[in-house]
Amino acid sequence: MATSLPPAWLAELNDQGALVTDPDGRAAVLDEMAYAARRRREVDACDLVDMLEIVESARLWALDGSDL
């Protein structure tokens, strides 16, 4: 994975409250931010894949936590 992912994307990823409140919506925002970072060439294709996998993991984490 990249040594430096986009700070704005990381900030959104770390907003656990928003993620738990709306897992699917936040995942969509994070996915779009990841694709935008790739279009701007801030990340390479491998980093994009990693970012999308992290988003899906975070979404599943939030869904699992919201069932408690």
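The values are calculated or read from the model by the stated rules, or taken from the named source; none is laboratory data. Everything numeric in this text was worked out from a predicted model, so none of it was measured. All accessible areas refer to the heavy atoms of the entire protein, side chains included, with ligands and DNA or RNA removed. Shrake-Rupley method; radii C 1.70, N 1.55, O 1.52, S 1.80 Å.
So here's what we get for this one:
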{"quantity": "Whole-percent carbon and sulfur share, accessible surface of the chain, 1.4 Å", "calculated": "54 percent"}
{"quantity": "Correct option for Rg and Dmax of the Cα atoms in Å [calculated from the coordinates] among (i) 11.8, 39; (ii) 15.0, 50; (iii) 11.8, 37", "calculated": "(i)"}
{"quantity": "The chain, accessible area per residue, ligands and nucleic acids excluded (1.4 Å, Å²)", "calculated": "64 Å²"}
{"quantity": "In order through region 59-64: 3J(HN,Hα) via Karplus (6.51 cos²θ - 1.76 cosθ + 1.60), integer Hz, x for Gly, Pro", "calculated": "4, 5, 4, 5, 5, 5"}
{"quantity": "Theoretical gain in end-to-end length, Leu60 to Asp31 [0.36 nm per residue, Cα-Cα removed]", "calculated": "9.0 nm"}
